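Peer 1: One structure coming up, written as structure tokens, with questions to follow.
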Amino acid sequence: MCEFVGQCDTIVHLAGVNRHEDEKYLFDRNIHLAKILCEAAEKVNCYPDIVFSSSTQESLNNNYGNAKREARLLLTDWCQRKGTNFTGLIIPNVYGPFGKPFYNSFIATFCHLLAEGKQPQIQVDRSVGLIYVFEVISKIYNFIVAPKSNPEHNLEVTAEHKVSEVLEKLNSFVELYVKEARIPELNSYFDLTLFNTFRTYLLPDFYPFNLVKRG
């Protein structure tokens with residue numbers, strides 16, 4: 001790791017443990033990941049700018065949110081002492097292609113289950129603020145090419161839907177695309193990105209397939 005850090009002008013710290021049966025491990029591991037980054041940089045006397053991904057769960061007082069907040073504050077303090085730029089991104093619920101089901105987001109879980117022919121069950125139907133993964137990548141890129149210290153930068157949600165509304169859209173994709181070989185109407189950016197997300201969970205068995213020609 002020291003060799004890697006010594007070659008970097010900017011490090012994007014995305015590593016973290018989102019879920020774990022051992023709550024203490026979840027908390028300690030997220031803090032440890034921030035500490036070993038600082039230690040590696042000091043060993044090679046190289047102090048890159050750091051962009052760190054945290055979560056809106058910082059405000060929920062759970063172990064994951066608390067750990068991400070503590071890690072962000074640790075990195076903020078370290079960067080200030082070393083005179084390098086730090087940006088702590090507070091990121092809402094992220095969805096997008098190839099997310100890990102039962103781990104990254106409820107959309108990943110729903111897509112995975114529907115692709116397997118199963119019907120997801122809604123535990124809590126609430127409105128959820130969402131951001132597409134490519135939008136997050138674009139924000140990160142901007143901080144790399146134009147670095148500036150911003151210890152707490154909240155990324156705005158770009159879509160907000162109830163869990164049941166998202167499931168209804170995904171079920172319509174199954175009916176039209178999977179069962180009838182029809183491209184659904186995609187009337188918004190969210191619909192387009194949700195559809196493209198869903199299609200990645202059909203790989204590899206579903207493709208190639210023939211769309212039905214309609215007059």
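The values are calculated or read from the model by the stated rules, or taken from the named source; none is laboratory data. Not measured: the values here are computed from a predicted model. Cβ coordinates were reconstructed from backbone atoms using ideal geometry, including for glycine residues, and neighbour counts include every protein chain displayed. Note: areas computed on protein heavy atoms with side chains; ligands, DNA, RNA excluded. Shrake-Rupley method; radii C 1.70, N 1.55, O 1.52, S 1.80 Å.
Peer 1: Could you check the simple spin-label distance between residue 109 and residue 206, using points 7 Å along Cα→Cβ, in nm with one decimal?
Peer 2: Each label point is offset 7 Å from its Cα along the Cβ direction, giving 2.0 nm.
Peer 1: If one takes the longest principal axis of the Cα atoms in the chain, at what angle in degrees, from 0 to 90 and to the nearest 10, does the Cα axis of helix 133-145 lie?
Peer 2: Approximately 30 degrees, to the nearest ten.
Peer 1: When we measure straight from the Cα of residue 118, which lysines land under 16 angstrom away, once same-chain ones fewer than 8 places off are left out?
Peer 2: Cα-Cα hits under 16 Å: 169, 179.
Peer 1: A further question follows. Could you work out the relative contact order of the chain, using alpha carbon pairs under 8 angstrom and six or more residues apart, expressed as a whole percent?
Peer 2: 18 percent
Peer 1: Let's see if you can work this out: charge +1 on each Lys and Arg Cβ, -1 on each Asp and Glu Cβ, no other charges. What is the dipole magnitude of the stretch 1-147 about its Cα centre, in debye to the nearest 20?
Peer 2: Roughly 140 debye, rounded to the nearest 20.
Peer 1: Further question: Lysines near residue 68 by alpha-carbon distance under 17 Å, same-chain residues fewer than 8 away left out - which ones?
Peer 2: 24, 35
Peer 1: Right, another one. For residue 171 and residue 44 in one chain, what is 0.36 nm times their gap in residues minus the Cα-Cα distance, to one decimal in nm?
Peer 2: So the extension gain works out to 40.5 nm.
Peer 1: In Å², what does the accessible area per residue of the chain work out to with a 1.4 Å probe?
Peer 2: On the way: 12150 Å² over 215 residues.
Each residue of the chain exposes 57 Å² on average to a 1.4 Å probe.
Peer 1: Output the 0 to 90 degree angle, nearest 10, between the alpha-carbon long axis of helix 106-115 and the longest principal axis computed from the alpha carbons of the chain.
Peer 2: It works out to around 40 degrees.
Peer 1: Modelling each spin label as a point 7 Å along the Cα-to-Cβ direction, I'd like the residue 141/residue 82 distance in nm, to one decimal.
Peer 2: Label-label distance for residue 141 and residue 82, simple model: 2.6 nm.
Peer 1: Kindly state, to the nearest 0.05, the FRET efficiency for residue 121 paired with residue 149, given R0 = 45 Å and r defined as their beta-carbon distance.
Peer 2: Efficiency for this residue pair is about 0.55.
Peer 1: Can you list, bin by bin at 5 Å, the percent of alpha carbon pairs in the chain, starting at 0?
Peer 2: Answer for the chain: a P(r) of 1, 6, 13, 16, 16, 14, 11, 9, 7, 4, 2, 1, 0, 0 percent.
Peer 1: Can you tell me what share of the DSSP beta bridges in the chain is antiparallel? A percent to the nearest 5 is fine.
Peer 2: On the way: 4 of 20 bridges.
Given both bridge residues lie in the chain, the antiparallel proportion sits at roughly 20 percent.
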